[in-house]
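Okay, structure first, notes after.
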């Protein structure tokens, strides 16, 4: 089964890499959904192939997430791609079907990556941080969050 799923991923990649980026959005969406939902492909093999181009950074992030390397996944999505909305949705997707503790782990990794990117894109990142903290679908340990917030932040803003 992992051979078939890996072959399917490679077919998607062949299609994506043979076309311009403008023609790929639908195929890439299918590939991304497959990367997230399937547990039956050779992740490292696919990651090696995807890493051969800079065109598929989101897929690299998702494959890192598949290997539970959430920090790297969110750093690509936030620091490289500045795709805050996708990062938030990905965090929610990763949390589905997980224990409360596992959901908090993923949420706090996203939170820490966002905190680290405050220096680079302060206003936008601040808005995103406030937004995810208010998102009921993302589960946080708020004691831990409060301990890590920048000291100049007002609690009223939360």
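Can you find even one residue in region 142-153 that is surrounded by 16 or more Cβ atoms within 10 Å (Cβ to Cβ) and under 15 Å from the mean Cα position of the chain (by Cα)? Explain how you work it out, then say what you get.
Step one: filter region 142-153 for residues surrounded by 16 or more Cβ atoms within 10 Å (Cβ to Cβ), giving 145, 149.
Imposing the further condition that a residue be under 15 Å from the mean Cα position of the chain (by Cα) reduces the set to none.
No: region 142-153 contains no residue that is surrounded by 16 or more Cβ atoms within 10 Å (Cβ to Cβ) and under 15 Å from the mean Cα position of the chain (by Cα).
Residue by residue, here is whether (1) in contact (Cβ under 8 Å) with a residue 60 or more places away in the chain; (2) surrounded by 14 or more Cβ atoms within 10 Å (Cβ to Cβ); (3) outside the structural domain of residue 105 (by TED's automatic domain parsing); (4) not in a helix (DSSP H, G or I) holds:
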| position | (1), (2), (3), (4) |
| --- | --- |
| 35 | no, yes, yes, no |
| 44 | no, no, yes, no |
| 48 | no, no, yes, no |
| 52 | no, no, yes, yes |
| 55 | no, yes, yes, yes |
| 60 | no, yes, yes, no |
| 63 | no, yes, yes, no |
| 78 | no, yes, no, no |
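Test residue 111 against the criterion of being assigned to a loop (DSSP other than H, G, I, E, B) and crowded, with 16+ Cβ neighbours inside 10 Å, and give yes or no.
No, not satisfied.
For the subset of region 83-99 comprising residues that are more than 15 Å from residue 132 (Cα to Cα) and at pLDDT below 95, which member is surrounded by the most Cβ atoms within 10 Å (Cβ to Cβ)?
First pass over region 83-99, keeping only residues more than 15 Å from residue 132 (Cα to Cα): 96-99.
Pick out the ones that are also at pLDDT below 95 and you get 96-98.
Working: 96: 9, 97: 8, 98: 13.
It comes out as 98.
The values are calculated or read from the model by the stated rules, or taken from the named source; none is laboratory data. Small disclaimer: the values here were computed from a predicted structure and weren't measured. Note that each Cβ is placed from the backbone with ideal geometry, even for glycine, and that neighbours are counted across all protein chains shown.
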